[in-house]
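The values are calculated or read from the model by the stated rules, or taken from the named source; none is laboratory data. Note that the structure is predicted; figures quoted are calculated from it, not measured. Counting neighbours? That spans all protein chains shown, and the Cβs are built from the backbone with ideal geometry, glycine included.
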Amino acid sequence: MPKKFSKWVACWGNATSITDRKEATYAKDLTLRYPIRACFSGSKLRFHFSNLTGTDSVQISEAYIAKSAQSTASETSAAQFEYAPTAITFGGRTSATIPAGEEILSDEIAFNVTAGETFDVSLYFANFTQMNAGTAITGPLSGGKYSYGNFAKSATLPDDLTRKTNWIYFLNTIDIFTEEKNFALVCFGDSITAQDWPDYLTLRCAREGFNNVAIIRRAVSGTRILREYSCITYAAYGLKGATRFPIEMNVAGARTVIVQHGINDIIHPVGVEVNKFRPWSDMPTADDLINGVRSLYITHARKLGLKIYSGTLLPIYGWRTYNENRDIIRTAFNEWLRTAPDFDGCVDFDKAVRGHDDPKAFAAGFDSGDHLHPSAKAYEAMAECVPEELLK
């Protein structure tokens, strides 16, 4: 019996924030290509593009979607594979302008997708383009490529003009017209979530047969709940929670959000005598963090009819700004995250990765080496500790 497609659900998504301010902030004659693994089958796609943090308008000269050769099942079918790009249009036009500070939505594109396939989204920017809206992500399913020149319709990108990138520019969310039973789970946070565990959760869902859920990542490295930086040195640490959360919860088909956020509020302040942009006045109490989560996240999630799960903060023992007071704040905040009736439940990431003998630190093999970010093995453990009830 053919599948009945009846609603839009986000099948891929990331945050959009301020990119790292380097010497060069503009690009020209540039192709971006992002491979996307389809978690659902569907008959149509639509694409959200964001210039939320840009100060110039951005023109997308061309945009295409195409089945990737890596979706083929055998060497024989791969040899016979024909790359067939379909134009992404905007009001019937093949180009679009994203105004500064805004987001746009493409037309609905008829495009049959089968769960498990990979398709490419390719964007071409002919004119000078301010590259100030995007986010960096990592993980086994994340990343893309960029090429100098227009290769948006090409099956392969030229090796001598192409490099890999973990920066996702402008492409914010992809929705698929799919079955009623499918839904999205949003993972909201900072660099911990911008790194690998959402990808490992996607792979876990595929492995364990949770085939009706899409893992949507809304994460920005360095971001804080209560504050944001106004200097170019730390601009890429992103928008604060009050700004981000209402925008990033615009997710078709979302049922639940996991919030794992707050460690940067605790570890950033060092005093103006050390760093003029990081005063001690920025240091929150545990109650400050609790009140921020209640007012900024829980209240808005409830307005949208979303379930909200807390995610505990990971160990920081050995991190360069670690001290006992910071860990006291983290521990108190974690205790509230575990027990507060405000949430529908808790995903205890801290318990999943901390040491048994020394719970202030990561377990053996679970520290990436900086004493803040987990290792790949620990990111897998984080994905494994997400309760099945969120995935069914």
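Looking only at residues in segment 35-72 that are within 16 Å of the chain's Cα centre (by Cα) and more than 17 Å from residue 111 (Cα to Cα), which one is surrounded by the most Cβ atoms within 10 Å (Cβ to Cβ)?
Of everything passing the filter in segment 35-72, 51 is surrounded by the most Cβ atoms within 10 Å (Cβ to Cβ).
Within the set of pairs 6 or more residues apart or between chains, which connect a residue that is at pLDDT 60 or above inside segment 63-92 to a residue that is assigned to a helix (DSSP H, G or I) and surrounded by 15 or more Cβ atoms within 10 Å (Cβ to Cβ) with Cβ atoms less than 6 Å apart?
81/69
Which one of these is in the same structural domain as residue 198 (by TED's automatic domain parsing), at pLDDT below 95 and over 18 Å from residue 138 (Cα atoms): 358, 342? I'd like the intermediate steps shown before the answer.
Values: 342 fails: at pLDDT below 95.
Unique residue meeting the criteria: 358.
In segment 245-287, what count of residues is obtained for those that are among the charged types (D, E, K, R), out of contact with any Phe, Trp or Tyr (no Cβ under 8 Å at 6 or more places or on another chain) and more than 23 Å from residue 371 (Cα to Cα)?
Taking segment 245-287 and keeping what is among the charged types (D, E, K, R), we get 248, 255, 265, 273, 276, 278, 282, 287.
Still in the running and out of contact with any Phe, Trp or Tyr (no Cβ under 8 Å at 6 or more places or on another chain): 265, 273, 276, 278, 282, 287.
Narrowing the set further to residues that are more than 23 Å from residue 371 (Cα to Cα) leaves 273, 276, 287.
Of the residues in that region, 3 qualify.
From the list 309, 322, which residue is closer than 17 Å to residue 360 by Cα and crowded, with 18+ Cβ neighbours inside 10 Å? First the steps, then the outcome.
Values: 309 fails: closer than 17 Å to residue 360 by Cα.
322 is the lone residue from the list that is closer than 17 Å to residue 360 by Cα and crowded, with 18+ Cβ neighbours inside 10 Å.
Would you confirm whether any residue within segment 196-206 is touching a Lys or Arg at 6+ places or on another chain (Cβ under 6 Å) and closer than 30 Å to residue 368 by Cβ? Give the derivation first.
Taking segment 196-206 and keeping what is touching a Lys or Arg at 6+ places or on another chain (Cβ under 6 Å), we get 198.
Still in the list and also closer than 30 Å to residue 368 by Cβ: 198.
Checking segment 196-206: at least one residue is touching a Lys or Arg at 6+ places or on another chain (Cβ under 6 Å) and closer than 30 Å to residue 368 by Cβ.
Hey, does segment 149-167 have a residue that's farther than 30 Å from residue 185 by Cα, assigned by TED's automatic domain parsing to the domain that holds residue 47, in contact with a Pro (Cβ under 8 Å, 6 or more places away or on another chain) and crowded, with 17+ Cβ neighbours inside 10 Å? First the steps, then the outcome.
Taking segment 149-167 as the starting set, the residues that turn out to be farther than 30 Å from residue 185 by Cα are 149-163.
Adding the requirement that they be assigned by TED's automatic domain parsing to the domain that holds residue 47 leaves 149-163.
Add one more test, that the residue is in contact with a Pro (Cβ under 8 Å, 6 or more places away or on another chain), and what stays is 149, 151-153.
After this cut, where a residue has to be crowded, with 17+ Cβ neighbours inside 10 Å as well, the list is 151-152.
For segment 149-167, residues farther than 30 Å from residue 185 by Cα, assigned by TED's automatic domain parsing to the domain that holds residue 47, in contact with a Pro (Cβ under 8 Å, 6 or more places away or on another chain) and crowded, with 17+ Cβ neighbours inside 10 Å: present.
Of the conditions (1) touching a residue at least 24 places away in the same chain (Cβ under 8 Å); (2) more than 17 Å from the chain's Cα centre (by Cα), residue 249 fails just one. Which one is it?
(2)
Please work out if residue 31 is under 23 Å from the mean Cα position of the chain (by Cα), modelled with pLDDT of 95 or more and of a type in the set (Val, Ile, Thr).
Numbers: under 23 Å from the mean Cα position of the chain (by Cα): yes; modelled with pLDDT of 95 or more: yes; of a type in the set (Val, Ile, Thr): yes.
So residue 31 passes the test.
So, of the residues in segment 352-392 that are part of a loop (DSSP other than H, G, I, E, B) and hydroxyl-bearing (Ser, Thr, Tyr), which turns out to be surrounded by the most Cβ atoms within 10 Å (Cβ to Cβ)? Walk me through it before giving the result.
Our first condition is that a residue be part of a loop (DSSP other than H, G, I, E, B); within segment 352-392, this holds for 355-361, 363-366, 368-373, 375, 385-387, 391-392.
Going one step further and asking which of them are hydroxyl-bearing (Ser, Thr, Tyr), we end up with 368, 375.
Working: 368: 15, 375: 17.
Per the stated criteria, the residue is 375.
Working carefully through the options 309, 317, find the one that is in contact with a strand residue (DSSP E or B) (Cβ under 6 Å, 6 or more places away or on another chain), over 15 Å from residue 242 (Cβ atoms), among the aromatic types (Phe, Trp, Tyr) and not in a helix (DSSP H, G or I).
Working: 317 fails: in contact with a strand residue (DSSP E or B) (Cβ under 6 Å, 6 or more places away or on another chain).
Checking each option against the conditions leaves just 309.
Only residues that are buried (at least 24 other Cβ atoms within 10 Å of the Cβ), in a strand (DSSP E or B) and touching a Phe, Trp or Tyr at 6+ places or on another chain (Cβ under 8 Å): list them for segment 188-215, please.
188, 214, listed by residue number.
Look through 226, 141 and report the one residue that is surrounded by 17 or more Cβ atoms within 10 Å (Cβ to Cβ), at pLDDT 95 or above and closer than 21 Å to residue 373 by Cβ.
Working: 226 fails: closer than 21 Å to residue 373 by Cβ.
Going through 226, 141 in turn, the sole match is 141.
Taking the options 178, 118, name whichever one is surrounded by fewer than 18 Cβ atoms within 10 Å (Cβ to Cβ), in contact with a strand residue (DSSP E or B) (Cβ under 9 Å, 6 or more places away or on another chain) and polar (S, T, N, Q).
On the way: 178 fails: surrounded by fewer than 18 Cβ atoms within 10 Å (Cβ to Cβ).
Being surrounded by fewer than 18 Cβ atoms within 10 Å (Cβ to Cβ), in contact with a strand residue (DSSP E or B) (Cβ under 9 Å, 6 or more places away or on another chain) and polar (S, T, N, Q) holds for just one of 178, 118, which is 118.
Considering only residues that are among the basic types (Lys, Arg), more than 15 Å from residue 165 (Cβ to Cβ) and part of a strand (DSSP E or B), which ones fall in segment 7-46? Before you say what the answer is, go through the steps one by one.
Filtering segment 7-46 for residues among the basic types (Lys, Arg) gives 7, 21-22, 28, 33, 37, 44, 46.
Within this subset, residues satisfying the condition of being more than 15 Å from residue 165 (Cβ to Cβ) are 7, 21, 28, 37, 44, 46.
If the condition is that a residue be among the basic types (Lys, Arg), more than 15 Å from residue 165 (Cβ to Cβ) and part of a strand (DSSP E or B), then 7, 37, 44, 46 are the ones that fit.
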